[in-house]
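These notes are about the structure you will find just below.
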Amino acid sequence: QVRLVESGGGLVQAGGSLRLSCAASGFSASTYAMGWFRQAPGKQREFVIGIRATDTSTTSADSVKGRFTISRDNAKNTVYLQMNRLRPEDTAVYYCPALRNFADCTHANAYNYWGAGTQVTVSS
């Protein structure tokens, strides 16, 4: 059974940091590119950042450049999202999906598997 389980969300003050984790199981996660998306209330799900399966190549949305970084530990089938200098506008449910083709990582429809998400709330 394919599972992607996000964790590490919570409430943080503006300017603070959080580290999200995403544990994958039930498929060959090390061969998949991984991404982080987020969805705020009343808004569409948006791409945040993605990482290639086999190396450290990443790409990110302009809104998080210089603040968010993605990494992965293929031995643990886990992907991480380090979020620094958080802003109230970063408040959203954060999802960690998996896809085969890193070139399509900014497109939500390209992803094969999704987790249930974890809530991140940034207070001003």
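Here is how the numbers come out for the structure above:
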| quantity | calculated |
| --- | --- |
| Close pairs (9 angstrom Cβ cut-off, 6 or more residues apart or separate chains): over 15 Å from S21 (Cα atoms) in region 79-90, assigned to a strand (DSSP E or B) and basic (K, R) anywhere | D90/R38 |
| Members of region 27-50 that are within 13 Å of the chain's Cα centre (by Cα), within 22 Å of T91 (Cα to Cα) and not basic (K, R) | M34, G35, W36, F37, Q39, E46, F47, V48, I49, G50 |
| Answer residue from region 91-115, given it is assigned to a helix (DSSP H, G or I) and out of contact with any helix residue (DSSP H, G or I) (no Cβ under 7 Å at 6 or more places or on another chain) and is nearest to R38 (Cα to Cα) among those | A108 |
| Candidate set: region 61-80, residues that are open to solvent by 70 Å² or more (accessible area, probe 1.4 Å) and not charged (D, E, K, R); chosen: the one nearest to the chain's Cα centre (by Cα) | T69 |
| Test for T59: is it over 18 Å from G9 (Cα atoms), at pLDDT 95 or above and either assigned to a strand (DSSP E or B) or in contact with a helix residue (DSSP H, G or I) (Cβ under 6 Å, 6 or more places away or on another chain) (or both) | yes |
| Check on T58, surrounded by fewer than 17 Cβ atoms within 10 Å (Cβ to Cβ) and of a type outside the set (D, E) | no |
| Matching option when the condition is assigned to a strand (DSSP E or B), more than 14 Å from E89 (Cβ to Cβ) and over 12 Å from the mean Cα position of the chain (by Cα), among A53, A24 | A24 |
| Selection status of R19, open to solvent by 30 Å² or more (accessible area, probe 1.4 Å), farther than 18 Å from F102 by Cα, within 11 Å of the chain's Cα centre (by Cα) and touching a residue at least 40 places away in the same chain (Cβ under 8 Å) | yes |
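The values are calculated or read from the model by the stated rules, or taken from the named source; none is laboratory data. Please read all numbers here as calculations on a predicted model, not as lab measurements. Note that each Cβ is placed from the backbone with ideal geometry, even for glycine, and that neighbours are counted across all protein chains shown. All accessible areas refer to the heavy atoms of the entire protein, side chains included, with ligands and DNA or RNA removed. Shrake-Rupley method; radii C 1.70, N 1.55, O 1.52, S 1.80 Å.
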